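To start, the structure under review is shown below, and the notes come after it.
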Amino acid sequence: VQLQASGGGLVQAGGSLRLSCVASGFPFSMYRMGWFRQAPGKEREFVSTINWSGSSTYYTDSVKGRFTISRDNAKNTVSLQMNSLKPEDTAVYYCARRVGSGSHYYDGSYDYWGQGTQVTVSS
């Protein structure tokens, strides 16, 4: 199983970035996927999750209306479109494969993680 995240970078407040995560080594369309982030000195936190078909999504309150998660099962890719970025969005962003029936907010509900991609938002 491999998850390769990309798309991070440095952007000014109010700008946009699109993160992508390419999955391999497992039947991608059979798994829910998620994005987490970890800011310096803080614990990793849930950002968003998407179900197998893309018909159901969830977001943490702080990104609702600004971030959009999507997936392309034909390309084994899950993406996170981030608009109206704020300095507090600065973090390393991780994609992860979700398993089991636990809460999507809990990082223990995810078994494989990408390497992370840095997002820095300047004020």
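The values are calculated or read from the model by the stated rules, or taken from the named source; none is laboratory data. Owing to the predicted nature of the structure, the values given are computational and were not obtained by experimental measurement. Here the Cβ is made from the backbone with ideal geometry for all residues, glycine too, and neighbour counts use every protein chain on show. The area values use the complete protein model at the heavy-atom level, side chains included, leaving out ligands, DNA and RNA. Shrake-Rupley method; radii C 1.70, N 1.55, O 1.52, S 1.80 Å.
Examine segment 6-22 for a residue that is part of a strand (DSSP E or B) and either more than 19 Å from Thr117 (Cβ to Cβ) or touching a Pro at 6+ places or on another chain (Cβ under 9 Å) (or both), and state whether such a residue exists. Outline the logic, then answer.
Going through segment 6-22, the residues part of a strand (DSSP E or B) turn out to be 6, 9-12, 17-22.
Adding the requirement that they be either more than 19 Å from Thr117 (Cβ to Cβ) or touching a Pro at 6+ places or on another chain (Cβ under 9 Å) (or both) leaves none.
No, segment 6-22 contains no residue that is part of a strand (DSSP E or B) and either more than 19 Å from Thr117 (Cβ to Cβ) or touching a Pro at 6+ places or on another chain (Cβ under 9 Å) (or both).
Yes or no, residue by residue, for (1) touching a Cys at 6+ places or on another chain (Cβ under 6 Å); (2) surrounded by fewer than 18 Cβ atoms within 10 Å (Cβ to Cβ); (3) farther than 25 Å from Gln2 by Cβ:
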{"position": "Arg37", "(1), (2), (3)": "no, no, no"}
{"position": "Thr60", "(1), (2), (3)": "no, yes, yes"}
{"position": "Lys64", "(1), (2), (3)": "no, yes, yes"}
{"position": "Phe67", "(1), (2), (3)": "no, no, no"}
{"position": "Ser79", "(1), (2), (3)": "no, no, no"}
{"position": "Cys95", "(1), (2), (3)": "yes, no, no"}
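Confirm whether Asp89 is among the charged types (D, E, K, R) and under 14 Å from Ala23 (Cβ atoms). Quick ask: steps written out before the conclusion?
On the way: among the charged types (D, E, K, R): yes; under 14 Å from Ala23 (Cβ atoms): no.
So Asp89 does not fit the description; no.
Residues that are open to solvent by 40 Å² or more (accessible area, probe 1.4 Å), over 22 Å from Gly14 (Cα atoms) and without any contact (Cβ under 8 Å) to a residue 60 or more places away in the chain: does segment 44-54 have at least one?
The initial filter retains those residues of segment 44-54 that are open to solvent by 40 Å² or more (accessible area, probe 1.4 Å), namely 44-45, 52-53.
From what is left, the residues that are over 22 Å from Gly14 (Cα atoms) are 44, 52-53.
Now restrict to residues that are without any contact (Cβ under 8 Å) to a residue 60 or more places away in the chain: 52-53.
Looking for residues that are open to solvent by 40 Å² or more (accessible area, probe 1.4 Å), over 22 Å from Gly14 (Cα atoms) and without any contact (Cβ under 8 Å) to a residue 60 or more places away in the chain, one finds at least one in segment 44-54, hence yes.
Is there a residue being under 14 Å from Trp113 (Cα atoms) and part of a strand (DSSP E or B) anywhere in segment 49-67? Let's see the steps before the verdict.
In the first step, residues of segment 49-67 are kept if they are under 14 Å from Trp113 (Cα atoms); the result is 49.
Pick out the ones that are also part of a strand (DSSP E or B) and you get 49.
Yes, because at least one residue in segment 49-67 is under 14 Å from Trp113 (Cα atoms) and part of a strand (DSSP E or B).
Would you mind stating whether Gly8 is of a type in the set (Gly, Ala, Ser), touching a residue at least 24 places away in the same chain (Cβ under 8 Å) and within 14 Å of Leu85 (Cβ to Cβ)? Step through it out loud before you land on a result.
Details: of a type in the set (Gly, Ala, Ser): yes; touching a residue at least 24 places away in the same chain (Cβ under 8 Å): yes; within 14 Å of Leu85 (Cβ to Cβ): yes.
Answer is yes for this residue.
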